[in-house]
Structures are given as C-alpha cells and as structure tokens.
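The values are calculated or read from the model by the stated rules, or taken from the named source; none is laboratory data. What you see is a predicted model, and the numbers here were worked out from it, not measured in a lab. Using ideal geometry, Cβ is built from the backbone for each residue, glycine included, and neighbour counts are taken over all protein chains shown. The accessibility values were calculated without ligands, DNA or RNA, using every heavy atom of the protein model including side chains. Shrake-Rupley method; radii C 1.70, N 1.55, O 1.52, S 1.80 Å.
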Amino acid sequence: TDVGHLESEDVGEGEDKIAKKARQEQLEPMEVVQKYMNTFHRNVRELNSLDPDIEPRATGHILEQQEYISRLLDTGIAYESNGSVYFDLDKYNEKYEYGILSGRILEDLVSNTRTLEGQDEKHNVYDFALWKKATPGHIMKWPSPWSVGYPGWHLECSVMSAKYLGEPFDIHGGGMDLIFPHHECEIAQSTAALNKQPVKYWVHNNMITINGQKMARSLGNFITLDELWTGEHELLGKPYEPMTIRFFILQAHYRSTLDFSNEALQGAEKGFNRLMDAIDTLGTVKASAKSTIDVDDLFNKCYEAMNDDLNTPVMISHLFDGVRMINSVADGKEKINDTDLEKLQKLYQAMAFDVLGLKKPEEDRVDTELTGKLIDAILDIRQEAKNVNDYTTADLIRKKLTDLGITIKDTKRGARWEI
RNA sequence: GGUCGGUUGGCCGAGUGGUUAGGCGCUGGUCUGCAAAACCGGUUACGGCGGUUCAAAUCCGCCACCGACCUCCA
C-alpha cells in the first residue's frame with residue numbers, strides 16, 4: 001500500500017501517511033515508499049524468509065481499481081456522492097451478509113461509529129469509501145470518471161489479489177487487528193463484485209508484546225529488527241542473531257500473542273544453539289546394526305503437529321525429544337541403524353530447515369583453511385601434553401585459545417572446537 | 001460502552017475432561033585430570049469464587065485483570 005493510507009488522529013482532515021512523511025523528510029512520496037521497502041526487504045531476508053513471487057503496489061493499479069469501482073457501481077451497491085464513491089452496506093446486507101468474519105452486526109455499528117469528516121456524503125455512517133475526491137493540496141491524485149482523487153482504503157487489496165491470485169484464491173493472511181474493518185470490507189467488495197466469496201481460508205496471526213505490554217511507539221517499547229541485531233535498545237541485554245528471533249517466534253503458535261523480553265530471548269538463543277549443535281552431531285554419528293530408538297514415531301509426531309494448524313511449538317518440542325536421542329546415540333547410550341539414521345537426518349533437514357526456515361549460524365569465522373589446520377595442530381600438541389599428564393601445559397593451551405574466542409570441548413571422540 | 005480473545009510453574013510457551021508438552025533457569029547425579037559439552041533425575045503450574053461430572057487447566061456462571069478491534073489507518 002503506497003497510497004490512501006490516511007491518518008485520522010490528527011486534528012482536522014486525515015493526511016496521507018506517505019505524503020506526510022514525504023513533506024517531513026522533504027522527499028518525493030515514491031522515495032519514501034522505496035526507502036522503507038528497501039529496509040523491509042533487507043530485514044525479511046535476514047530472517048531467512050522467502051522472497052514473494054510478486055509484490056504489487058497500489059499506485060501501479062489505479063486503472064484496475066477504477067474498473068473495479070465501475071463494476072461495483074453497475075451492481076447498484078456502490079454510489080457516487082460529491083465526486084467520491086462509497087459502498088452501500090445496507091444494500092449489500094439485503095443480498096449478502098456483512099460481518100461474517102468478525103461477527104459484527106450492522107445495526108451495532110451505527111451507535112459505535114466515530115464522527116468523521118465527510119459523513120454527510122454517505123447514506124450511512126458505516127458506508128466506506130471506494131474513491132475519494134482529492135482536497136486542495138493533496139499530493140497523490142489521479143483523474144477518474146468521478147473526480148480527481150485517489151482510491152479508497154480497502155479497495156487495492158481486493159483488486160490486486162483478484163488480479164494475481166484468482167477469483168477466488170485459497171489463503172488470505174494478515175494480522176488479527178485487520179479483521180475488522182479491513183478484511184470484512186474486502187469480503188464485502190469482492191463478494192459484491194464477484195457474486196461469490198473471494199477467499200477460501202483466512203489466516204490471522206496475533207500481536208507481539210514486550211514485557212507483557214503491547215508493542216507500540218506511543219508506549220516507547222518499540223523494538224526494530226535492526227535494534228535486535230545490534231542489541232542497541234534499553235530492554236535488550238545483548239544483540240540477537242536473526243535465526244534466534246525466528247526460532248523464538250516459532251516457539252509460540254501464530255495465533256497466540258508472543259511476549260518479547262530479554263530473558264525470553266536468551267532462553268530461545270540457548271535452545272536454538274542446542275538444536276543446531278545436535279543437528280551437527282547427527283551428521284557425525286555412526287550407524288549400528290540395530291536401533292534402540294523409535295524414529296518413525298518421532299517422524300509421525302512432527303507431521304501431526306504441523307497438520308494441526310501449523311503447531312510449530314509442539315513440533316519443536318518433538319525436535320527436542322529427538323535432540324536427546326541424537327546425543328544419546330553420540331554418547332553410545334542408544335543405537336541407531338542405517339535406515340533410521342538416514343530417516344532422522346532427512347527429518348531434521350525437512351522440519352528444521354525446509355519447514356521452519358531456520359538456517360545454521362554463519363560458519364565459524366575461519367579466515368582460511370590454514371587457520372583451521374593451525375587450530376587442529378595446536379590441539380594435537382595439547383593432546384600430546386595430556387598423554388603425559390602435563391595438564392599445566394594442556395590447560396594453558398586451552399586458556400590461550402579461549403582468550404582468542406575459541407571454545408574447546410573434550411568429547412569421547414577427541415577435542416572439538418568452535419570460534 | 002459494544003464485539004472478540006486471553007490470564008498456565010522463576011522466565012517463555014503448548015495443551016478444549018482422565019495420560020510427563022517442550023525450551024530456558026535452578027538443582028542432585030553420571031561421564032571427565034579439571035572445565036565445558038553431553039546424558040539421567042528433581043523442580044508437576046493452570047487469575048479468583050461457585051457449579052456440572054466418577055473425574056476440569058480443559059465445560060457452565062459470576063468477578064478481577066490484560067489485549068485486539070469498534071469504518072475513511074490498511
């Protein structure tokens with residue numbers, strides 16, 4: 001959405017958000033749009049989310065929106081008034097049912113509607129705009145059969161989704177805060193224009209809170225993704241990797257609120273590292289003749305959890321059950337056969353990386369292959385010292401490496417290190 | 001005020017009638033030269049008050065608190 005996003009809190013008439021920002025920062029409106037889109041795309045990639053196949057913009061679909069308005073005018077459900085076009089909810093409600101998504105009843109909306117500019121142009125207070133006539137000084141405006149103006153709020157979503165996804169399309173996502181009025185109005189517009197429901201499934205995710213309080217600029221507890229990466233926020237104790245944040249979010253169900261706090265993030269970071277360590281270990285364990293663990297059961301439980309409305313927290317809990325299995329096998333306390341080992345490796349690839357979209361932390365920052373060989377050589381010397389019970393030297397080597405940020409873990413299969 | 005949702009152990013967070021969710025933290029132990037890691041065990045809670053039921057975190061009622069939304073913000 002890069003047009004028609006009005007602010008109503010301001011005194012007087014609402015101003016387009018993009019236009020307001022452009023004026024404040026002395027930029028062209030399209031520069032403002034581009035600036036925030038660039039940041040958004042970078043953050044989304046950092047979170048390892050897939051790029052969209054298409055990202056249509058409202059200003060690139062003014063003609064399509066005008067055509068859509070004409071269709072709605074032809075049905076008689078939309079009407080023109082003083083250069084603006086509105087959607088008549090009473091007429092819509094005669095033929096269809098308004099409020100099916102949010103459970104609102106039209107009559108209840110009358111007394112609960114705020115007093116706003118331009119109400120007298122409308123048949124009813126709850127009618128919403130499809131096209132707005134531009135007021136003097138309005139920056140972004142286009143000619144139309146009704147006036148020089150700009151498209152109304154809910155319209156672009158109905159128009160662009162129908163154009164690119166089809167009529168109807170399968171899944172419409174969004175935040176729970178958009179259910180009313182936005183998604184409700186989308187349904188009304190599209191149903192009136194298409195004479196059928198535009199969407200098969202609505203998927204709404206919940207909000208996030210910070211220390212139990214909703215995240216809002218007005219409350220001063222807003223954290224940007226870049227602040228999470230750098231740790232530069234008074235509520236944060238340290239920086240967090242994007243994958244820690246992704247894992248943290250997936251540990252809660254998408255329909256639940258999620259509380260951000262430094263303590264919770266630290267917990268997620270430790271858990272995520274443990275999961276990734278176990279997956280590394282899974283790549284090195286050796287198969288035995290028989291299995292003492294039930295891989296099929298784990299496999300089924302993971303799929304059942306995802307099939308249950310994408311219950312990622314439950315699926316992750318199963319992955320942690322598997323972590324215990326993997327570590328026990330590595331410790332020689334449990335055994336796994338060839339078939340099960342391959343199955344287990346595929347399961348973690350599928351669930352942790354393909355489904356949850358996690359990725360391993362950046363490879364150890366080894367400048368060159370030589371650096372790794374040097375560390376291995378130093379650890380060989382340390383092992384020699386240990387072999388002759390020269391623990392003073394062994395510990396000195398460990399301390400020197402630790403000071404350089406290299407952690408040593410003595411396992412049964414020899415010393416392992418990571419930077 | 002209205003509509004809808006929530007209140008789970010130190011922290012986060014699953015769970016729609018009877019079975020250990022899970023992670024983090026804390027704690028006891030095993031292993032280890034020590035440390036770390038790993039593993040095993042402990043930490044067993046459901047806002048309050050009533051009710052239904054053989055049995056309720058889960059169903060019903062009331063109360064308290066929190067949150068989203070209530071048409072030109074999309």
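Brief remarks follow.
- Among the trypsin sites (Lys or Arg not before Pro) in the stretch A:131-237, those located in a DSSP loop and surrounded by at most 11 other Cβ atoms within 10 Å of their own Cβ are A:Lys196.
- Calculated SAXS-style log₁₀ I(q)/I(0) at q = 0.18, 0.21, 0.22, 0.26 Å⁻¹ - the stretch A:69-109, Debye, Cα scatterers: -0.57, -0.71, -0.76, -0.90
- Each residue of the stretch A:182-197 was assigned a 3J(HN,Hα) from its phi angle through the Karplus expression (A = 6.51, B = -1.76, C = 1.60, θ = phi - 60°), giving 4, 5, 4, 6, 4, 4, 5, 4, 5, 5, 5, 6, 9, 6, 7, 4 Hz with x at Gly and Pro.
- Helix A:295-307 axis, angle to chain A major axis (alpha carbon atoms, nearest 10°): 20
- Calculated from backbone phi, Karplus (6.51, -1.76, 1.60) coupling profile of the stretch A:269-284 in Hz, x at Gly/Pro: 4, 5, x, 4, 4, 5, 5, 5, 4, 5, 5, 4, 4, 4, x, 10
- Flagged links, alpha-carbon separation over 27 Å, of A:Lys301/A:Lys409; A:Lys141/A:Lys163; A:Lys238/A:Lys333: A:Lys301/A:Lys409; A:Lys238/A:Lys333
- List A:Leu396, A:Leu236, ordered by accessible area with a 1.4 Å probe, largest first: A:Leu396, A:Leu236
- Reach of A:Lys91 by Cα under 22 Å, taken over lysines that are not fewer than 8 positions away in the same chain: A:Lys122, A:Lys132, A:Lys196
- In terms of overall dimensions, the C-alpha atoms belonging to the stretch A:139-291 reach 72, 49, 25 Å along their principal axes, ordered largest to smallest.
- Antiparallel bridge percentage (DSSP; both residues within chain A; nearest 5): 65
- Annotation: amide H of A:Lys335 within the under-5 Å range of A:Thr292, A:Ile293, sequence separation 5 or more or interchain, hydrogens built in the peptide plane.
- Sites matching chymotrypsin sites (Phe, Trp or Tyr not before Pro) across the stretch A:221-305 that sit in DSSP coil, with at most 15 neighbouring C-beta atoms within 10 Å: A:Phe222
- Scaled radius of gyration (Cα, divided by 2.2 N^0.38 Å) that the stretch A:275-404 gives: 1.36
- Per-residue ³J(HN,Hα) for the stretch A:35-50, Karplus 6.51 cos²θ - 1.76 cosθ + 1.60, θ = phi - 60°, Hz, x for Gly and Pro: 4, 6, 5, 4, 4, 4, 4, 5, 4, 5, 5, 4, 7, 6, 8, 6
- The Cβ shell under 11 Å around A:Asp380 holds other residues with a net charge of +1, Lys and Arg each +1, Asp and Glu each -1.
- Size descriptor for the stretch A:81-185, Kirkwood hydrodynamic radius: 15.4 Å (Cα pairs only, one decimal).
- If you bin all the Cα-Cα distances of chain A at 10 Å, starting from zero, the percentages per bin are 4, 16, 22, 21, 15, 10, 7, 4, 1, 0.
- q = 0.16, 0.18, 0.20, 0.27 Å⁻¹, the stretch A:147-204: log10 I(q)/I(0) [Debye, one scatterer per Cα]: -0.47, -0.58, -0.71, -1.21
- Accessible area per residue in Å² at 1.4 Å probe, computed on chain A: 57
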